[in-house]
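Read-outs throughout are calculated quantities, based only on the coordinates presented, and are distinct from any laboratory measurement. Just so you know, these numbers come straight off a predicted model, no measurement behind them. For neighbour counting, all protein chains shown are included, and Cβ atoms are generated from backbone atoms with ideal geometry for every residue, glycine included.
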Amino acid sequence: MIIQPKTRGFICTTAHPEGCAKQVQRQIEYVQAQPAIEGPRNVLVVGASTGYGLASRIVSSFAAGANTIGVYFDKAAEGARTASAGWYNSAAFEEAASAAGRKSYSIVGDAFSDEIKAKTIDLIRTELGQIDLVVYSVASPRRTHPKTGETFSSVIKPLGSTYSNKTVNFHSGEVTQATIEPATEDELRQTIAVMGGEDWQMWIDQLQEAGLLAEGATTVAYSYIGPEITHAVYRDGTIGAAKNDLEATAHRLNEQLSANGGRAFVSVNKALVTQSSSAIPVVPLYISALYKVMKEEGIHEGCIEQMYRLFSDRLYNNGQTPVDEKGLIRVDDWEMRPEIQEKVSKLWADLTTENVYELSDLVGYRREFFQLFGFETDGIDYEADVNPDVNIPNLK
């Protein structure tokens, strides 16, 4: 079939297998061109098929030479429907990892469930023995609690009062005012249940109880803080409350793992175009302005550059992992430089529909959005007939 992008709001409902594969290969080639990392040997990535999770798996395998298990929830092609981008990404990764002689396995299912945790534990015990790095990179709008059966849904809302600020329709380029009503107490509770640290804690508890965490094992989860522009809807909103819970979980896990020489961190990463960030009002316009400034300054990074820097300069830097006063790893440091934020703020004040393409990198934002799904990738013939049915090697 000929596969073209079809969008619904901030979601692309189609994905291109060859485009996704090329995007994965480019990330692999970037990592292979960097110095090797003396790092983990056996890695579990929970939420491994897109964004930071996928990049973490690529760095683990192709910079550190590690064996990996990726857990993710993605769908195969069915009838006239393509597979999800994460499915195609993972198929390409598994093929490349196997060709490079790495052990590599995929488990597809609900990472929040006891069933998938048990399946993963059995696979680790059988194939890898123990894990020395657990990356927790789950991004989901819903979670069904494995013990109570309650299903929670997250919301992206401010707390306390109504919030208004600029936002952009990145398809049309129209800059408008977004007004968001504050979350209720129950919406806050549910968002923390989905995006907080409880499930991360459950993964580590079960791995530890099964004796599958190696001595000195590390675990890391990902977060974002961002500038004052986005704080009301992000850091000071429902998502921020969930991230506060995630960070509190990291402190508990660090104490829990330290008895065996282990460590737990939250890494605060740079604002990037992801399926998750595209859903947050205000954020796509901020990222478009940020990209313009950071590209002009020559310090722009994508997911793979961020994750390589996290692994090489922070997690596995001769035993030294610099953190801030809250114990957080900050690889958003280039984004948050005062001179960068000052330039972004000046652009932000002037942004309108009429000048958005001049004052921001909205073209780059839109291109990266479609590249998440395998489109707008150089070297791919999008008029060619392709088979959407792609198998994932080593799918368990």
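By the scheme Lys and Arg +1, Asp and Glu -1, what is the net charge of all other residues having a beta-carbon under 11 Å from that of Thr219?
Counting the neighbours of Thr219, the net charge comes to 0.
Just want the ordering: Ile304, Ile156, from fewest to most Cβ atoms lying within 10 Å of their own Cβ.
Ile156, Ile304
Starting from the 7 Å offset along Cα-to-Cβ, what nm value, one decimal, do you get for the label separation of Asp378 and Ser98?
Output for this residue pair reads 3.0 nm.
Mind giving me the nanometre distance, one decimal, between the label points for Gln256 and Arg142, set 7 Å out from Cα along Cα→Cβ?
2.7 nm
State which entries of Lys117/Lys147; Lys157/Lys346; Lys103/Lys396 exceed 20 angstrom in Cα-Cα distance in the structure shown.
Lys157/Lys346, as the Cα separations exceed 20 Å there.
I'd like the GluC sites (Glu not before Pro) in the stretch 117-219 restricted to DSSP loop residues with at most 15 other Cβ atoms within 10 Å, sorted by number.
Of the GluC sites (Glu not before Pro), the ones in loops of the stretch 117-219 whose Cβ has at most 15 other Cβ atoms within 10 Å are Glu150.
If the reach is capped at under 17 angstrom between alpha carbons, list the lysines near Lys270, excluding any in the same chain fewer than eight residues apart.
Lys243, Lys292, Lys295, Lys343
What FRET efficiency comes out for Asn244 versus Lys295 if R0 is 30 angstrom and r is the Cβ-Cβ distance? Round to the nearest 0.05.
0.45
Excluding same-chain residues fewer than 8 positions from Lys22, which aspartates and glutamates have a Cα within less than 17 Å of its Cα?
Once the sequence-local aspartates and glutamates are set aside, what remains near Lys22 is Glu94, Glu95, Glu305, Glu368, Glu376, Asp378, Asp381, Glu383, Asp385, Asp389.
Can you work out ³J(HN,Hα) from phi for every residue in the stretch 49-64, in order, using Karplus 6.51 cos²θ - 1.76 cosθ + 1.60 and θ = phi - 60°, giving whole Hz and x for Gly and Pro?
My calculation for the stretch 49-64 gives 9, 9, x, 5, x, 4, 4, 4, 5, 5, 4, 4, 7, 9, 9, 9 Hz in order.
Please compute the net charge surrounding Tyr382, taking Lys and Arg as +1 and Asp and Glu as -1 over other residues with Cβ under 15 Å from its Cβ.
Counting the neighbours of Tyr382, the net charge comes to -3.
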